[in-house]
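Only one structure is covered here, and it is reproduced in the block below.
The values are calculated or read from the model by the stated rules, or taken from the named source; none is laboratory data. Computed from a predicted model, the values in this text were never measured in an experiment. Glycine gets a Cβ as well: all are built from the backbone with ideal geometry, and neighbour counts include every protein chain shown.
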Amino acid sequence: MRALGFDIRIALLLAAVLGVAAGCSPRSEPLEGIRPDPDYSGRFRFEFQAMGTDAALVVCAQDPRSARRMIGPAVEQVRTVESLMSMFRPDSDVGQLNAAGAQHPVRVSPLTLRVLRASAHFSQLTGGAFDATYTPLRSVWLKAQGAGAFPPEEELRRALASVGFDKLVLSDGAAMFAGEGMSVDLGGIAKGFAIDLAAEAMKGAGAQAALVDIGGDIRVVGRPGAGESWRILVRDPRGEGQPPIVLRLSDVAVATSGDYARYFSVGGRRFSHIIDPRTGWPVQDVPSATVVAPDATTADALATGISVLGAQKGLELIASLPGVECMIMAREAGEGEAQGPTRLYYSKDFRTLVE
Ligand code: AMP
Ligand code: MG
């Protein structure tokens, strides 16, 4: 009886360990969902949930087996980024870094370090418009949203004192905040990074032509057929009634930041989930920004960054970057409190990408 009890406990423990392993290990991702793309012969598609949104991987392959060989490692990469960089997981690198605050350095994986370094780069490039340490402001506005009233200036000022990527010290294998009350949120860049890793993984597994889509941010690899380019649909920022904008792309990435998907209201005003780390106020005048860039990390970070910069400064920045194009929807100045009408702005060669 005793022995049986012991066996059962061991069996339960083993089952739990195996169950946890099966649930957590990216390798065990069930890929039964891989199916031939209904619209294109020779393409296989796998849809899954990742980073709080819909994701899809498409690959041109001879048969389902080779499709699976290319898609498996890509899913694994996305899961790795998720588990390292989510601010909502206490055991992630970001969760631990935020918990440590300015107390002690935290060892982070080389991948997290790469994204933190990229964040520092885009923070510099955008003059602080993109700044993943904006998070104390996020807390202020979450509170304001709950209270239904604008935050007191003093509260914003205090939060602003704990913002600034220059106060995140990165060394080999570790990161540490140099100021009190600081934290980081890689939500404006990690999706792009995951897309890049997934695209590289598919290439590494032999894919000549592939597409990675996480929440509408996309990177395409190669060409879907000889002389063809990928047809990518981007939601028309002018609204529901408009047909999507069709882009013709190969070997580039496209990312869109917009307040149509995620926004909040305080005092009857609608705000984007993107916050200007220089003023402390959420973005109001850029309902949408789409960036095409050689890689998805760049496209993702710049779409967020130019949402903060606005049309004029955003276009200037994009014009200085080779291989980068953008479409920005921005509000013109209104009369007094009233918001002005919106207008679409394009970088020099954006329209050459439109079908
Ligand atoms: P995206 O969806 O790529 O436009 O990024 C928006 C997300 O980026 C937000 O949900 C936040 O997680 C984060 N974020 C908000 N404001 C900023 C900012 N100024 N700089 C960097 N990340 C930000
Ligand atoms: Mg972004």
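Apart from one condition, Thr256 fits all of (1) within 15 Å of ligand 2 (Cβ to nearest atom); (2) out of contact with any Gly (no Cβ under 8 Å at 6 or more places or on another chain); the exception is (2). Looking at segment 270-290, which of its residues are touching a Leu at 6+ places or on another chain (Cβ under 6 Å) and either polar (S, T, N, Q) or near ligand 1 (Cβ under 10 Å from one of its atoms) (or both)? Residue satisfying the conditions is Ile275 alone. Looking at segment 183-197, is at least one residue more than 15 Å from ligand 1 (Cβ to nearest atom) and either under 18 Å from Pro110 (Cβ atoms) or surrounded by fewer than 21 Cβ atoms within 10 Å (Cβ to Cβ) (or both)? Yes, some residue in segment 183-197 is more than 15 Å from ligand 1 (Cβ to nearest atom) and either under 18 Å from Pro110 (Cβ atoms) or surrounded by fewer than 21 Cβ atoms within 10 Å (Cβ to Cβ) (or both). Test Val292 against the criterion of being β-branched (Val, Ile, Thr), more than 10 Å from ligand 2 (Cβ to nearest atom), modelled with pLDDT of 95 or more and touching a Ser or Thr at 6+ places or on another chain (Cβ under 8 Å), and give yes or no. No, not satisfied. Selection of segment 288-314 for residues being in contact with a strand residue (DSSP E or B) (Cβ under 6 Å, 6 or more places away or on another chain), of a type in the set (D, E, K, R) and not in a loop (DSSP other than H, G, I, E, B) yields only Asp300.
Each row is one residue, and each column tells you yes or no for (1) charged (D, E, K, R); (2) within 16 Å of ligand 2 (Cβ to nearest atom); (3) in a helix (DSSP H, G or I).
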{"position": "Thr133", "(1), (2), (3)": "no, yes, no"}
{"position": "Arg138", "(1), (2), (3)": "yes, yes, yes"}
{"position": "Phe150", "(1), (2), (3)": "no, no, no"}
{"position": "Met182", "(1), (2), (3)": "no, no, no"}
{"position": "Phe193", "(1), (2), (3)": "no, yes, yes"}
{"position": "Glu200", "(1), (2), (3)": "yes, no, yes"}
{"position": "Ala207", "(1), (2), (3)": "no, no, no"}
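In segment 8-57, the qualifying residues are those that are more than 18 Å from Gly216 (Cβ to Cβ), modelled with pLDDT of 50 or more and polar (S, T, N, Q), and the one that is surrounded by the fewest Cβ atoms within 10 Å (Cβ to Cβ) is Ser41. Counting residues in segment 160-179 that are within 21 Å of Ala100 (Cα to Cα), within 16 Å of ligand 2 (Cβ to nearest atom) and surrounded by 13 or more Cβ atoms within 10 Å (Cβ to Cβ) gives one or more. Here Glu325 fulfils each of the conditions (1) over 25 Å from Glu155 (Cβ atoms); (2) modelled with pLDDT under 90; (3) in contact with a Phe, Trp or Tyr (Cβ under 6 Å, 6 or more places away or on another chain) apart from (2). Could you look through segment 120-164, keep only residues that are among the charged types (D, E, K, R) and in contact (Cβ under 8 Å) with a residue 40 or more places away in the chain, and pick out the one that is farthest from Ile274 (Cα to Cα)? This residue is Arg157.
Condition (residue is crowded, with 19+ Cβ neighbours inside 10 Å, within 16 Å of ligand 2 (Cβ to nearest atom), farther than 16 Å from Gly127 by Cβ and in contact (Cβ under 8 Å) with a residue 12 or more places away in the chain) applied to segment 275-284: is it met by at least one residue? Checking segment 275-284: at least one residue is crowded, with 19+ Cβ neighbours inside 10 Å, within 16 Å of ligand 2 (Cβ to nearest atom), farther than 16 Å from Gly127 by Cβ and in contact (Cβ under 8 Å) with a residue 12 or more places away in the chain. Just need a number here: residues in segment 62-87 that are outside any helix (DSSP H, G or I) and either farther than 17 Å from Arg138 by Cβ or at pLDDT below 95 (or both). Residues that pass the stated criteria total 2. Against the condition within 16 Å of ligand 2 (Cβ to nearest atom), surrounded by fewer than 24 Cβ atoms within 10 Å (Cβ to Cβ), within 26 Å of Pro136 (Cβ to Cβ) and at pLDDT 95 or above, how does Leu317 come out, does it pass? So Leu317 passes the test.
Of the residues making up segment 206-248, those that are loosely packed, with under 13 Cβ neighbours inside 10 Å, polar (S, T, N, Q) and touching a Lys or Arg at 6+ places or on another chain (Cβ under 8 Å) number 0.
Do we find that Pro224 is within 16 Å of ligand 1 (Cβ to nearest atom) and in contact (Cβ under 8 Å) with a residue 40 or more places away in the chain in this structure? Criteria not met by Pro224. Only a single criterion out of (1) among the hydroxyl-bearing types (Ser, Thr, Tyr); (2) modelled with pLDDT of 95 or more; (3) over 22 Å from the mean Cα position of the chain (by Cα) is not satisfied by Ser250, namely (3). For segment 250-269, which positions are near ligand 1 (Cβ under 10 Å from one of its atoms) and β-branched (Val, Ile, Thr)? Listed by number, the list holds a single entry, Thr256. When only residues in segment 315-325 that are assigned to a helix (DSSP H, G or I) and closer than 19 Å to Thr352 by Cβ count, which is nearest to ligand 1 (Cβ to nearest atom)? Of everything passing the filter in segment 315-325, Ile318 is nearest to ligand 1 (Cβ to nearest atom).
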